[in-house]
Amino acid sequence: MIKDFKATKYILQSVYTGKQFNDEGWTLDAPNETKPTLIRAIYNKKQIEVKEVSAGIYRFADWLPIHRTLKGSSAPVTYKSEGLAKHLGLNNLYITFSGYWPEKGAKFPTCSFKETEAYSVCGRLSANEKKVLVVASAGNTARAFAHVCSDNNIPLLLCVPEDNLNALWFNKPINDCVKLVVTKSGSDYFDAIHLSNLACQLDNFFAEGGAKNVARRDGMGTTVLSAVNEIGKIPDYYFQAIGSGTGAIAAWESNLRLIDDGRFGRNKMKLMVSQNKPFVPIHDAWKADSREMLHLDDNLARTQVEEIIAKVLSNRKPPYPIIGGLYDAMKDAGGDVLLANNDELQKASKIFEETEGNDIHPASAVATATLIDAIKNGLVQKDDLIMLNITGGGENKFKRENEIFYLKPKHVFEITPDLETVKEVLDQLF
Ligand SMILES: Cc1ncc(COP(=O)(O)O)c(C=O)c1O
């Protein structure tokens, strides 16, 4: 039976069938449905009441599927661009910044929008949860979860490829409730995912869930809530670099809620998502008008990923085909998949720093490069209302201003370990 909607704050819904059901704590899939579909949170409150800045990400708590708030968060900051806008000849360019830029009010110590996910996902966790949350990542997601769990005493198992250890930097030592294990040098993100899947077969561990987790998507959707709260209107265009595309799905879902809210317009932002050449599998599927991802040879994919500078954009199995996923989002909202090569992203990064005054992550530079290109090609016009989602930045600034500590692994696994070995090691760690 569905619980009293008002008392529960939100219920869940299958995008495919529209059926509604309760969140049993960590529901990731529609019960008794076999066709792969995302599920969505339907919030009791149709008109969002944005709280004060001091609430951090929880300013947007009305539209987050959380049961508690955690300490230390910061919300994305949106401001009207002057420098970059002038350089590009744009009259209505808004920048949403998730990273470190205290002068603008952005205080993400891990410097990327993955922190919005982590504060939302961990806020969905019950304070009495005894099992260990498992997260696999090659970079920004791992750093964000480690930071949030460390500060809030939440047990976390992080699975990362050994070659990505340099992504695990922090401005203070990490609490022992966070345990890092790695797959040995030569392995990649997919090997780390394999390890995390093994861990999740053990009784004491459970998967965070990635794009299927409504808390992850609605956390990322706060970038759009920040923009619309600042602008007062739903933008015409949304620019973001994607690996999985979860951020763009989240942007679309926030947009739909904002239309229902009724105060910000009825338009759907065109989703101008971008990838780093030559690794462009979402682009290829979209241009082929295919819901399925096209076949991509594993070795070719690895070589392409080695080449790209924006390594975080290297997801080979994005939630693109799934019902309610990126393909559906782009078909519904409109938009395009744009591309930038390494040279273009480096130039865009320099232009951003010179015109706006802060460094940005390579992924954000991909989004900026494609905006520059879109203006040249007449894809967007000078008066269009544009949201540029700067998903990571201020890392150089942060590292200049802080002492940096690295998280060390508790165990180095073989590239594809067996379940017995994983169980033995994890039994000792937790
Ligand atoms: C800084 C940054 N930007 C963009 C992305 C792409 O995010 P997604 O494709 O999950 O929306 C990532 C993913 O890790 C990231 O770290």
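Across the stretch 413-425, the number of residues qualifying as within 13 Å of Cys200 (Cα to Cα) and in contact with a helix residue (DSSP H, G or I) (Cβ under 6 Å, 6 or more places away or on another chain) comes to 2. Residues in the stretch 123-151 that are more than 18 Å from the chain's Cα centre (by Cα) and at pLDDT below 95: 5 in all.
Taken over the stretch 262-300, the criterion of being surrounded by fewer than 17 Cβ atoms within 10 Å (Cβ to Cβ) and either among the hydroxyl-bearing types (Ser, Thr, Tyr) or assigned to a helix (DSSP H, G or I) (or both) is satisfied by Asp284, Lys287, Ser290, Asp298, Asn299, Leu300. Number of residues in the stretch 226-243 that are among the charged types (D, E, K, R) and more than 22 Å from Lys114 (Cα to Cα) equals 2.
Scan the stretch 209-225 and tell me whether some residue there is farther than 22 Å from Gly325 by Cβ and touching a Pro at 6+ places or on another chain (Cβ under 6 Å).
Within the stretch 209-225 (the criterion being farther than 22 Å from Gly325 by Cβ and touching a Pro at 6+ places or on another chain (Cβ under 6 Å)), the answer is no, since none of the residues qualifies.
To keep it simple, each residue is scored yes or no on (1) under 22 Å from the mean Cα position of the chain (by Cα); (2) at pLDDT 95 or above; (3) within 16 Å of the ligand (Cβ to nearest atom); (4) of a type in the set (Lys, Arg).
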{"residue": "Phe264", "(1), (2), (3), (4)": "no, yes, no, no"}
{"residue": "Ala288", "(1), (2), (3), (4)": "no, yes, no, no"}
{"residue": "Asn299", "(1), (2), (3), (4)": "no, no, no, no"}
{"residue": "Tyr320", "(1), (2), (3), (4)": "yes, yes, yes, no"}
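Those residues that are within 13 Å of the ligand (Cβ to nearest atom) and either surrounded by fewer than 24 Cβ atoms within 10 Å (Cβ to Cβ) or small (Gly, Ala, Ser) (or both), I need them from the stretch 360-387; list them, please. The answer is Pro362, Ala363, Ser364, Ala365, Ala367.
Within the stretch 390-411, the only residue that satisfies the criterion of being hydrophobic (A, V, I, L, M, F, W, C) and under 17 Å from Leu156 (Cα atoms) is Leu407.
Working carefully through the options Ser126, Ser137, Ser74, find the one that is of a type in the set (Gly, Ala, Ser), farther than 30 Å from Asp373 by Cα and in contact with a Gly (Cβ under 6 Å, 6 or more places away or on another chain).
Values: Ser126 fails: in contact with a Gly (Cβ under 6 Å, 6 or more places away or on another chain); Ser137 fails: in contact with a Gly (Cβ under 6 Å, 6 or more places away or on another chain).
Unique residue meeting the criteria: Ser74.
If you check Ala207 against the conditions, is it touching a residue at least 24 places away in the same chain (Cβ under 8 Å) and either in contact with a His (Cβ under 9 Å, 6 or more places away or on another chain) or surrounded by 22 or more Cβ atoms within 10 Å (Cβ to Cβ) (or both)? Outline the logic, then answer.
Details: touching a residue at least 24 places away in the same chain (Cβ under 8 Å): yes; either in contact with a His (Cβ under 9 Å, 6 or more places away or on another chain) or surrounded by 22 or more Cβ atoms within 10 Å (Cβ to Cβ) (or both): no.
Here the answer is no, as Ala207 does not meet what is asked.
Taken together, His67, His87 contain a single residue that is assigned by TED's automatic domain parsing to the domain that holds Thr246, more than 14 Å from the ligand (Cβ to nearest atom) and in contact with a helix residue (DSSP H, G or I) (Cβ under 7 Å, 6 or more places away or on another chain), which is His87. Taken over the stretch 331-359, the criterion of being within 13 Å of the ligand (Cβ to nearest atom) and either touching a Phe, Trp or Tyr at 6+ places or on another chain (Cβ under 8 Å) or farther than 16 Å from Ile242 by Cβ (or both) is satisfied by Val337, Ser349, Asp359. Looking only at the stretch 305-350, count how many residues are farther than 30 Å from His194 by Cα and of a type in the set (Asp, Glu). Of the residues in that region, 4 qualify.
When residues in the stretch 301-318 are screened for being within 13 Å of the ligand (Cβ to nearest atom), of a type outside the set (A, V, I, L, M) and within 20 Å of Ala340 (Cβ to Cβ), 5 of them pass.
To keep it simple, each residue is scored yes or no on (1) small (Gly, Ala, Ser); (2) surrounded by fewer than 24 Cβ atoms within 10 Å (Cβ to Cβ).
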{"site": "Gly334", "(1), (2)": "yes, yes"}
{"site": "Leu338", "(1), (2)": "no, yes"}
{"site": "Ser349", "(1), (2)": "yes, yes"}
{"site": "Glu353", "(1), (2)": "no, yes"}
{"site": "Asn389", "(1), (2)": "no, no"}
{"site": "Phe398", "(1), (2)": "no, yes"}
{"site": "Glu401", "(1), (2)": "no, yes"}
{"site": "Lys408", "(1), (2)": "no, yes"}
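The values are calculated or read from the model by the stated rules, or taken from the named source; none is laboratory data. In this text the structure is predicted, and so the values were computed from the model without any measurement. Because the Cβ atoms are built from the backbone with ideal geometry, glycine has one as well, and the counts that use them run over all protein chains shown.
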